[in-house]
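For reference, the structure is listed below as structure tokens.
The values are calculated or read from the model by the stated rules, or taken from the named source; none is laboratory data. What you are looking at is a predicted structure, and each value in this text was computed from that prediction instead of being measured. Cβ placement follows ideal geometry from the backbone for every residue including glycine, while neighbour counts extend to all protein chains displayed. Each accessible area value is taken on the protein alone, full model and side chains, heavy atoms only, with ligands, DNA and RNA left out. Shrake-Rupley method; radii C 1.70, N 1.55, O 1.52, S 1.80 Å.
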Protein chains: 2
Amino acid sequence: MAAGPTPTAPVAASRWQRWLPSVPLLDWGRRYDRSTFGSDLVAALIVTVMLIPQSLAYALLAGLPAEVGLYASVAPLLLYAVLGSSRVLAVGPVAVVSLMTAAAIGQLGQHAAPGTPAYWASAITLAFLSGAMLLAMGLMRLGFLANFLSHPVISGFISASGLLITASQIKTLMGVKAEGHNLIDLLGALIQQLPNTNTLTLVIGVAATAFLFWVRKGLKPLLLRLGLSARIADVIAKTGPVAAIAVTTLLAWALDWQGQGVRLVGAIPQGLPPLTAPIWDLALWRELAMPALLISVVGFVESVSVGQTLAAKRRQRIEPDQELVALGAANLSAAFSGGFPVTGGFARSVVNFDAGAQTPAAGVYTAIGITLASLMLTPALYYLPQATLAATIVVAVMSLVDLDILRRTWSYSKADFAAVAATLLATLGAGVENGLVVGVGVSLALHLLRTSRPHIAEVGLVAGTEHFRNVHRHAVRTHASLISLRVDESLYFANARTLEDRVNAAVAAQPELRHVVLQCSAINDIDASALESLETIEQRLRDAGVSLHLSEVKGPVMDRLQGTDFLKHLGGQVFLTHYQAIETLTPDVL
Amino acid sequence: MAAGPTPTAPVAASRWQRWLPSVPLLDWGRRYDRSTFGSDLVAALIVTVMLIPQSLAYALLAGLPAEVGLYASVAPLLLYAVLGSSRVLAVGPVAVVSLMTAAAIGQLGQHAAPGTPAYWASAITLAFLSGAMLLAMGLMRLGFLANFLSHPVISGFISASGLLITASQIKTLMGVKAEGHNLIDLLGALIQQLPNTNTLTLVIGVAATAFLFWVRKGLKPLLLRLGLSARIADVIAKTGPVAAIAVTTLLAWALDWQGQGVRLVGAIPQGLPPLTAPIWDLALWRELAMPALLISVVGFVESVSVGQTLAAKRRQRIEPDQELVALGAANLSAAFSGGFPVTGGFARSVVNFDAGAQTPAAGVYTAIGITLASLMLTPALYYLPQATLAATIVVAVMSLVDLDILRRTWSYSKADFAAVAATLLATLGAGVENGLVVGVGVSLALHLLRTSRPHIAEVGLVAGTEHFRNVHRHAVRTHASLISLRVDESLYFANARTLEDRVNAAVAAQPELRHVVLQCSAINDIDASALESLETIEQRLRDAGVSLHLSEVKGPVMDRLQGTDFLKHLGGQVFLTHYQAIETLTPDVL
């Protein structure tokens, strides 16, 4: 996407190397020393503590057994550490991708019901397909495709996903079962289940949610007032979920909450991540292809934007195409170690960065930490109430919901507002996949619509100057035999006929017209359709006894026009400046 | 699409009138006099003679009985005369739309086989749906949507359709039956049928084709040499098909060609167009909806481009939205009078224009002429060989095939070449509908791709001037603490991240950097995504101790930026000219 040697992306020595993915490990690994090791280890410890509950929670959100979250947090971290171009990105299960996983497998229907081995195997297959797609896109250097996910679409999508996730967690906070992949289905199911609410579960859930919101908003200022440094206060505040988990787990054990109908995490198998493989079934792959593609793109966009933000703080860079390769490898490794789709998470990467991680080695240490936890710590999680995990999810995702974007885009641009609103409503009303597809469609359509109706101003000379301005806004000099049009957009197929029409209108309205001069200063490109339109305009003007002239044509545009029939047959002239055109054609205006 | 009073589109007097379609008849009808009547009558006579064989031929091409072509040439002409904004457009069956009709109904499969009443009823329904869509688009003023059919797509599509039509007529020239809606199927079927060729039919077909090609290329020069005026020579040359038809019909009668296996047109029912109605079947409508939409758009584009070209020759205008209304009404009338989808044809409109038609009344007289012909002339057409009609089609459509467009677009722009080639190959290989859809998709994707990778130049000061040029092309002055970037494209979601990446690269590569100045002279618009990117860039630069500045921001863009957080928090300044920026920030460069 851009040239030039940079610290994290050394220029390849030979030609063929440019076509292979690079291995950033070889770069930073060579300079690894004891001080970096210390920083990385501290960061890894903090991230491990934060990741354990998060991994369990997101696995449940995806409709999978809790331990799958731990499995998905080991191999992907290792692979990313070898191949990733960000120094601090932490890869693993994240909220939005987990929601999309649940939606994708939910669509498969009866033969992959939540809780069944078929459901887990489908999640593994989804991770495999997503990984293969990311890897392929990276090797083909297609990272730029993610640019077509506009900011309004991403904002609307993430906010709607946050609301959907929150709605999906309410059932766990109430202690009931309710399914649905859009807001209407979810709320309907919840209302039906209202009479079955388990009061104790609701009390635990609401208390945990309130505590975690307070930790997020109130604890840090308190710690600062107590004299702690901002960074330490921040890190302590981020470990709030661990406290909530420890306390509710202890209480559940001591007070026998299970006997009172509170759903616990229960027995988590101890051990290393299992060796697994995707289902080799083309019919299933076809069904999962579109969800896998959407998960890949959303995961990539989330990961790259986090990575770029953090890299820039240390004047580093990340390579989008290299990120595709690394995320692809991470997802493939998840598929072969019992996991589900993963990507670079926002919260965990920021914690990793703030805790002082210097290199991807911190990810390796985190992976070791999580392996140790899944070998030894899982029995302690037996009494962890699921409502506590739901509370951690709700608090985490509510920070993603930003409905103020509606107000901001409304005041900036109605088209962007429409794209946000369409994505938000489609995601809430028709689920994550439809939401994304609608959003991308609407934003592309609105962009094309906008450029298809370019601003074309009739300009005239400002007396005593060489400047030309819009005749409708300024007192300017014009001449009945000449019209000057300035097009404020590159000319391409969607707007070429608008120009034809504008010129036709001018000719029909102005019987004395002899010259049309197009001021081309804002035209960055003229495609073949627009060239054809210019030929048509020229031909029609000629038939009507009018000459077409151009002025202020940009260098690259002029290069292209050279040698075309249009320029060969042009009756009028090409002027360097618009003033010269007026000077030559209607000197009496001056 | 454009404002201002014009001869053919009077400005509506009151507000509500703007929302109603206008009736151009009220405008030209008021000024109708005897001299106009004479011109229109002569033109109508010539067009009628030309239209009779053409209507029969295109009905056969669409897989319909020959008389349906006559039916489709009466009511649509009348409706267009009342509502159309072009003075000379001749509406009726045309080659490409007939081919698309055959493809659309062919997809319905067994329950609408060619020759059955169900097939005809489906064609009537297709005309109804297409008419309803055109009318709705016209009332909603959606004429601009046709602009998304780029010139390369139209060229590729029309050429491929010409080749497909030619291939489909070879079977009639050979006297065999062969079906297929793409080139591969068609050629395969023809090769299989090779042994069944009727030699006499082939001789008639080849002779007629050769004669008609000679009429087109050789007759006009001959007539000119004989001293006829260019216009009369042209009109005589256009009546060539009538001669071919008269001669072969007479020979078929005299020599009993039917007894030798030559397929004739046969008995055509005499009488007025019948009163018909579409099939009211939602399932069928759903199947025909997409073909109807594509037929509407293609027909509209063909009609409007012919109409505009002819109108411009007399300094008249046509209103695209009014044309939608008129074509919609024409197709609806076709559906209720036994016809099939129609549009404004190129050849017939040019003949009408050249023959001196002044107003749409010529269309009314043509409709009367065709009605008289279908009442009285049809018995005379019994002996007309189908191979002669096929020859007229082949000669007409081969003039649409323009493969030189491949060479022209290749030399002008590889992206446009790709769009032509994709449309051409997809149409030939997968039929008209897939061809159009692929073409539009490819051309939109290529356009987005092009604007998503904008030209971003690092510029420096040309010594002794106030001009800034690309550092890679010119010897210019720069400073290690400042980088000047000029973006040659409007900033929107697809290219916003490219700019982020470019700035990140510059910062990572230039450790002494303190200022980034964006020269915004070519930026016509900044959407919400790009604004977000600018905020991100500003924030990252600030974190790295670098200031972001803007220069030469256009008025409308600046209006929008006013009041945004970006401008409020911008650490740097907004300079009127780029020179002022350099003067202020790094005066030692000057």
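Determine, yes or no, whether B:V557 is under 27 Å from B:A445 (Cα atoms), within 13 Å of chain A (Cβ to nearest Cβ) and in contact (Cβ under 8 Å) with a residue 12 or more places away in the chain.
Spelling it out, B:V557 is indeed under 27 Å from B:A445 (Cα atoms), within 13 Å of chain A (Cβ to nearest Cβ) and in contact (Cβ under 8 Å) with a residue 12 or more places away in the chain.
Conditions tested, residue by residue: (1) modelled with pLDDT of 85 or more; (2) not in a loop (DSSP other than H, G, I, E, B).
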{"site": "A:R317", "(1), (2)": "no, no"}
{"site": "A:D321", "(1), (2)": "yes, yes"}
{"site": "A:L324", "(1), (2)": "yes, yes"}
{"site": "A:G328", "(1), (2)": "yes, yes"}
{"site": "A:A347", "(1), (2)": "no, yes"}
{"site": "A:V351", "(1), (2)": "no, yes"}
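If you check every pair at least six apart or on different chains, which have Cβ atoms under 6 Å apart with a residue in the range A:406-424 that is free of Cβ contacts under 8 Å to residues at least 24 places away in the same chain and in a helix (DSSP H, G or I) first and a residue that is open to solvent by less than 20 Å² (accessible area, probe 1.4 Å) and not β-branched (V, I, T) second?
Close Cβ pairs satisfying both conditions: A:Y412/B:A528.
Going through A:N331, A:N352 one at a time, which residue ends up being polar (S, T, N, Q), surrounded by 23 or more Cβ atoms within 10 Å (Cβ to Cβ), within 29 Å of A:I236 (Cα to Cα) and touching a residue at least 40 places away in the same chain (Cβ under 8 Å)?
After applying the criteria, what remains is A:N352.
For the range A:480-523, name all the residues that are without any contact (Cβ under 8 Å) to a residue 12 or more places away in the chain and either charged (D, E, K, R) or closer than 21 Å to B:L446 by Cα (or both).
Within the range A:480-523, just A:D501 meets the criteria.
Have a look at B:S533, B:S547, B:S551 and point out the one that is closer than 16 Å to B:E458 by Cβ and either more than 7 Å from every other protein chain (Cβ to nearest Cβ) or within 48 Å of the chain's Cα centre (by Cα) (or both).
Sole residue among the options that is closer than 16 Å to B:E458 by Cβ and either more than 7 Å from every other protein chain (Cβ to nearest Cβ) or within 48 Å of the chain's Cα centre (by Cα) (or both): B:S551.
Which of the residues belonging to the range A:427-464 are among the hydrophobic types (A, V, I, L, M, F, W, C), open to solvent by less than 10 Å² (accessible area, probe 1.4 Å) and touching a helix residue (DSSP H, G or I) at 6+ places or on another chain (Cβ under 9 Å)?
Correct list: A:V432, A:L436, A:V459, A:L461.
Please count how many residues of the range A:503-516 are crowded, with 22+ Cβ neighbours inside 10 Å and at the interface with chain B (Cβ under 7 Å from one of its Cβ atoms).
3
Checking A:V88 against (1) open to solvent by less than 10 Å² (accessible area, probe 1.4 Å); (2) under 30 Å from A:A267 (Cβ atoms): exactly one of these is not met. Which one?
Exception for A:V88: condition (2).
Residues are listed down the side, and each one gets a yes or a no for (1) assigned to a loop (DSSP other than H, G, I, E, B); (2) crowded, with 19+ Cβ neighbours inside 10 Å; (3) out of contact with any strand residue (DSSP E or B) (no Cβ under 8 Å at 6 or more places or on another chain):
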position: A:L518; (1), (2), (3): no, yes, no
position: A:A522; (1), (2), (3): yes, yes, no
position: A:S533; (1), (2), (3): no, yes, no
position: A:I537; (1), (2), (3): no, yes, no
position: A:L541; (1), (2), (3): no, yes, no
position: A:H549; (1), (2), (3): no, yes, no
position: A:M558; (1), (2), (3): no, no, no
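Within the range A:475-502, track down each residue that is of a type outside the set (S, T, Y), within 44 Å of the chain's Cα centre (by Cα) and under 18 Å from A:I582 (Cα atoms).
A:L485, A:R486, A:V487
Quick test of your reading of the structure: B:S155 fulfils all but one of (1) open to solvent by 10 Å² or more (accessible area, probe 1.4 Å); (2) under 21 Å from B:L332 (Cα atoms); (3) within 21 Å of the chain's Cα centre (by Cα). Name the failing condition by number.
B:S155 satisfies every listed condition except (2).
Determine which single condition A:G563 fails, assuming it passes every other condition in (1) touching a residue at least 60 places away in the same chain (Cβ under 8 Å); (2) at the interface with chain B (Cβ under 10 Å from one of its Cβ atoms).
Going through (1) touching a residue at least 60 places away in the same chain (Cβ under 8 Å); (2) at the interface with chain B (Cβ under 10 Å from one of its Cβ atoms) one by one, A:G563 breaks only (1).
Output the residues belonging to the range A:271-286 that are open to solvent by 40 Å² or more (accessible area, probe 1.4 Å) and touching a helix residue (DSSP H, G or I) at 6+ places or on another chain (Cβ under 6 Å).
A:I279
For the range A:287-315, give me the residue count where each residue is touching a Phe, Trp or Tyr at 6+ places or on another chain (Cβ under 8 Å), modelled with pLDDT of 80 or more and either among the small types (G, A, S) or open to solvent by 20 Å² or more (accessible area, probe 1.4 Å) (or both).
Number satisfying all stated conditions: 1.
Inspect the range B:171-186 for any residue being open to solvent by less than 60 Å² (accessible area, probe 1.4 Å), more than 23 Å from B:G92 (Cβ to Cβ), touching a strand residue (DSSP E or B) at 6+ places or on another chain (Cβ under 7 Å) and in a helix (DSSP H, G or I) and give the result as yes or no.
Among the residues of the range B:171-186, not one is open to solvent by less than 60 Å² (accessible area, probe 1.4 Å), more than 23 Å from B:G92 (Cβ to Cβ), touching a strand residue (DSSP E or B) at 6+ places or on another chain (Cβ under 7 Å) and in a helix (DSSP H, G or I), which makes the answer no.
Take the residues in the range B:114-143 that are open to solvent by 20 Å² or more (accessible area, probe 1.4 Å) and within 13 Å of another protein chain (Cβ to nearest Cβ), then tell me which one is farthest from the chain's Cα centre (by Cα).
Ranking the qualifying residues of the range B:114-143, first place goes to B:R141.
Closer than 30 Å to B:F493 by Cβ, in the same structural domain as A:Q322 (by TED's automatic domain parsing), open to solvent by less than 10 Å² (accessible area, probe 1.4 Å) and among the hydrophobic types (A, V, I, L, M, F, W, C) - does that describe any residue in the range A:365-380?
Checking the range A:365-380: not a single residue is closer than 30 Å to B:F493 by Cβ, in the same structural domain as A:Q322 (by TED's automatic domain parsing), open to solvent by less than 10 Å² (accessible area, probe 1.4 Å) and among the hydrophobic types (A, V, I, L, M, F, W, C).
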